[in-house]
Amino acid sequence: MGVISAIGNNLAENHAALTAGKCGITTAGNFLSKYSGILPFGEVPVSTAALKEKLQAAEAGVTRTTLLALHAADEAIKHAGLTPQQLSSQQTALIGATTVGGMCLTDELYEDAHRTSGTSPYTSSYDCASVNMYLQQRFNITGIVNTINTACSSSANAIMYGARLIKNGLAKRAIVGGVDSLSKFTINGFNALHILSKQICTPFDENRQGLNLGEGAAFLVLEGEDDLAGKKVYAELTGYCNTNDAFHPSSLSDDGEGPYQAMMGALQCLPTGNNTIDFINAHGTGTENNDAVESRAMLRIFGSQVPPFASTKSNTGHTLGASGAIEAVYSILNLVHQEVYPGLHFTQPIAGTGLAPVEAYRKASLKNIMSNSFGFGGNCTSLIFSKS
């Protein structure tokens, strides 16, 4: 696994921050926007220039989105001990996700679109697949490469897609994950929807005011069970399901049909007698619609026995296309260390649901963790990771 977020530049730093209940949401310092000093963001506290130097990525046109992806993918590949021969094998797939991609350079995109002559080093970066095309070239990957953009469920779907490639014999291993960086494109878009909070977000709180946008990347290496001899296994992906309630372009149906079906579908993957969920890493954006709908869906499934849950977006902000992969890494850390990370900033349950997230770090006996990622257009995905 590899991860970079507002609370850490690698896997170890992210784990330490989660156990300490660290919040990485603050005013932006590297991202320049009229909202930088006004709205809180989950910004990775490393400059683009520093990332280029550290990663030796000096090619013209490389964007911050690609740099964050390279940082996390490189850590995951090294963590998994993949050799150059394995990376270049046609049995290795790369499935990445992003929503903004190279459009993080909003001003440059605008200027390039109005050029009457000459070329720009960033033109090729505006393709949504540009991030994975760069990773493909950097690591000499010759197998299946694909980019998924289903809004906030993007990298959860990348994980599911990679697992299905392995299951159907189309790959022996899959490098899966997602990335997004802060951009004027997404900030202005979410601001137009009136769902950006002027305060640090409070998922599942009655007085929640909206979400905080963040940035980051995470990648994981999946392999089939037959190819695991002698390897350290951190967790098993035992359940997954993607649904779409097609209710509204930017909100979920009031009864949570999409989240309900996604969670139910993932649960049905588990064997009878081993289908208890011990913790839910909730989507939990802090918006009025999402938190109420996710709560209702959990109540529909679990009744009065809703498992302990929390949203790590209170640590990192909402990293959009990266969130599913980052939260998958966090879910696996739950399992590896047998511990639960608290939701931050919570004070009062939502009226009508009465559900409260875990509010303090604690050790726990965990077998199955559910991770939810619900996107625009009603695209909903639930993953289940189990202790190996």
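The values are calculated or read from the model by the stated rules, or taken from the named source; none is laboratory data. Just so we're clear, the structure is a prediction, and the values are computed from it rather than from any experiment. So basically every Cβ, Gly included, is an ideal-geometry build from the backbone, and we count neighbours across all protein chains shown. With ligands, DNA and RNA removed, areas are computed over all heavy atoms of the protein, side chains included. Shrake-Rupley method; radii C 1.70, N 1.55, O 1.52, S 1.80 Å.
Identify all lysines with a Cα-Cα distance to Lys172 below 20 Å; exclude those on the same chain that are fewer than 8 residues away in sequence. Cα-Cα hits under 20 Å: Lys78, Lys231, Lys232. Across the range 138-221, C-alpha contacts under 8 Å between residues 6 or more apart give a mean separation that, scaled by the residue count, equals a relative contact order of 27 percent.
The local environment of Ala297, defined by Cβ-Cβ distances under 10 Å, has a net charge of -1 under the rule Lys, Arg +1 and Asp, Glu -1. Remark: relative contact order (the chain) = 22 percent; criterion is Cα-Cα distance under 8 angstrom and separation of 6 or more residues. Here the extension length gained between Ala16 and Lys34 equals 3.2 nm, from 0.36 nm per residue of separation less the Cα-Cα distance.
Note on the range 2-386: dipole from Cβ charges, positive end direction compared against Cys23, Gly321, His283; the farthest Cα belongs to Cys23.
When a/c is below 1.5 the answer is rounded, else prolate if a/b is larger than b/c, else oblate, so apply that to the range 243-370 with a ≥ b ≥ c taken from the square roots of the Cα gyration tensor eigenvalues. Rounded is the answer for the range 243-370, as its axis ratio a/c remains below 1.5. Whose amide H sits under 5 Å from the amide H of Phe41, counting only residues 5 or more places off or on another chain, with H placed in the peptide plane? Excluding prolines and chain starts, which carry no amide H, the hits are Thr26, Thr27, Ala28. From most to least packed by mean Cβ count within 10 Å, the peptides 142-154, 346-358, 220-232 give 142-154, 346-358, 220-232.
Taking the empirical scaling 2.2 N^0.38 Å for compact globular proteins as reference, the range 17-121 has a Cα radius of gyration ratio of 1.34.
Assuming a viscosity of 0.890 mPa s and a temperature of 25 °C, what translational diffusion coefficient in µm² per second does Stokes-Einstein assign to the range 252-308, Rh being the Kirkwood radius over Cα pairs? Translational diffusion coefficient: 207 µm²/s. Hull volume per residue, based on the alpha-carbon atoms of the range 316-358 and their convex hull, is 99 Å³. Residue ranking by accessible heavy-atom surface, 1.4 Å probe, largest first, among Ile195, Ile141 comes out as Ile195, Ile141. With all protein chains in place and ligands, DNA and RNA left out, the 1.4 Å accessible area ranks Lys167, Lys22 as Lys167, Lys22, largest first.
Let a ≥ b ≥ c be the square roots of the eigenvalues of the Cα gyration tensor of the range 75-196; is it rounded (a/c under 1.5), or, if not, prolate (a/b larger than b/c) or oblate? Since a/c reaches 1.5 but b/c is at least a/b, the shape of the range 75-196 is classed as oblate. Within the chain, DSSP assigns beta bridges of which about 60% are antiparallel (rounded to the nearest 5).
Out of every Cα pair in the chain, what percent are spaced more than 31 Å from each other? Looking at the chain, the distances longer than 31 Å represent 30 percent of pairs.
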